[in-house]
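Here's the structure we're looking at; comments come further down.
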Amino acid sequence: MRLLTAHATVVVSGTKIAAEIGTSRSDIWRLIQQLRDLGVDIAGHPSTGYSLKSIPDLLLPDTLSPQLQGTIFGKHIHHYYKIDSTNTAAMEAASGGAPEGSVFLAEQQTAGRGRGANQWHSERSSGIYCSAVLRPAVPPSDVLVVTLAAGLAVHAAIQEIDSRIAPDLKWPNDVLIGKKKVCGILTEMNADITRVRYIVIGIGINVNQSAFPADLQAIATSLRLVSGTEWSRVELCTALLKSLDREYRSLLKSSDGVNSILRRFQERSSSVRGRQIEVEEDASLQGVTDGLDERGFLKVRTAQGVRTVLSGTVTLR
Ligand code: BTN
């Protein structure tokens, strides 16, 4: 891909590609077929050479890295055409010492994971499947605010590309458009009682899906479905990581960072206050939302008094 992109307007001979990669021409033919199967639009054949028909919207490190210089995410970007789960890859890498700011991106996930026992629908090259390693020096109880900040980053990135779209944050980690989910965030961590070793923020955004499987149709949407146009995943992913970088830095630096995140999350969520909800895992937790507490947990007015939701899936009534 690097060779073809570097010579985007010309035909590159199989012999040249083979020499540069250090393999045979027949191997190049096999690799070209593999890229085509992955959706890359390549013209040509072994006797004439190959050229890209269009610049593919792939989330390649060579494309993203220059645009992310100056952020914590510019230096360690890992890209997979197909992987089980970017969160699994990022957690494994983090346990092996991957530095803060390492990013794992995939065109397709075969076992994308959602919160609880849910799977994440991860169709090839339609969505953004992104996991980032962070190593904040905070106790585990402060991690919720980092994940709320990730929701704000997704919100800002979508609005930066198309200001007509009004995403709605649903506590703790969903981004909705018109009541349907367009993004989910799965935060996982490794910590002891007092200190976080690392966290992985896994972000799945439905970008260019034109339809969803029957079981998701009523609850999921994509940016393409709501806007009527195809989106550049490269542009959106760049905006997302820049915005996550801004949120994360200001959270760590400024004494008012936590309050700013809580305030903006509440401004951008139609459901953290005054909405009838139910928490799926806890039948007794039903009531009306009453804002976030100082650590970002959801307060709910119930028949038994004000309760704080620490975890679980919130269903809006
Ligand atoms: C949810 O809403 O349940 C969370 C979904 C999180 C999906 C993303 S896609 C990238 C990363 N890798 C995974 O396996 N899951 C997260």
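Data table
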item	result
Gaussian network model of the chain, springs between alpha carbon atoms under 10 Å - residue of L134, L225, L186 with greatest fluctuation	L225
Lys, Arg +1 and Asp, Glu -1 on Cβ, resulting dipole of the stretch 219-317 about Cα centre, debye, nearest 20	280 debye
Bins of 10 Å from zero: percent of alpha-carbon pairs in the stretch 167-230	20, 41, 22, 13, 3
Two-site label geometry, H45 and V288: point separation in nm, points 7 Å out along Cα→Cβ	7.1 nm
Choice from A153, A239, A166 showing the highest fluctuation, given a GNM over the chain with Cα pairs closer than 10 Å	A166
Whether the stretch 47-99 is rounded, prolate or oblate, judged on the alpha carbon gyration tensor where a/c under 1.5 counts as rounded	oblate
Least to most buried among K75, K181 (fewest other Cβ within 10 Å first)	K75, K181
Lys, Arg +1 and Asp, Glu -1 on Cβ, resulting dipole of the stretch 257-313 about Cα centre, debye, nearest 20	320 debye
Förster radius 22 Å - calculated FRET efficiency between W29 and S54 (Cβ-Cβ, nearest 0.05)	0.55
The stretch 74-134: C-alpha gyration tensor shape, a/c 1.5 cut-off, then a/b vs b/c	oblate
Rounded Å value of the spacing that divides the Cα centres of the stretch 97-114 and the stretch 73-87	5 Å
Full-stretch length increase - I219, D162 - with 0.36 nm per residue and alpha-carbon distance subtracted	18.3 nm
Positive minus negative residues near G39 (Lys, Arg vs Asp, Glu; Cβ under 15 Å)	-1
Among S65, S102, S13: highest mean-square fluctuation, GNM of the chain, C-alpha pairs under 10 Å	S13
Shape call, the stretch 278-317: gyration tensor on alpha carbons, a/c limit 1.5	oblate
Percent breakdown of C-alpha pair distances by 20 Å bin, ordered from the shortest bin, for the chain	30, 54, 14, 2
Sorted by Cβ neighbour density within 10 Å, fewest at the top, the residues H78, H155, H45	H45, H78, H155
Quarter of Cα convex hull surface for the stretch 240-317, i.e. mean projection, nm²	5.8 nm²
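Read the figures in this text as sums done on the coordinates, not as results from a lab. These numbers were taken from a predicted model, which means no experiment stands behind them. With ideal geometry, Cβ positions are generated from the backbone for all residues, glycine too; neighbour counts draw on all protein chains shown.
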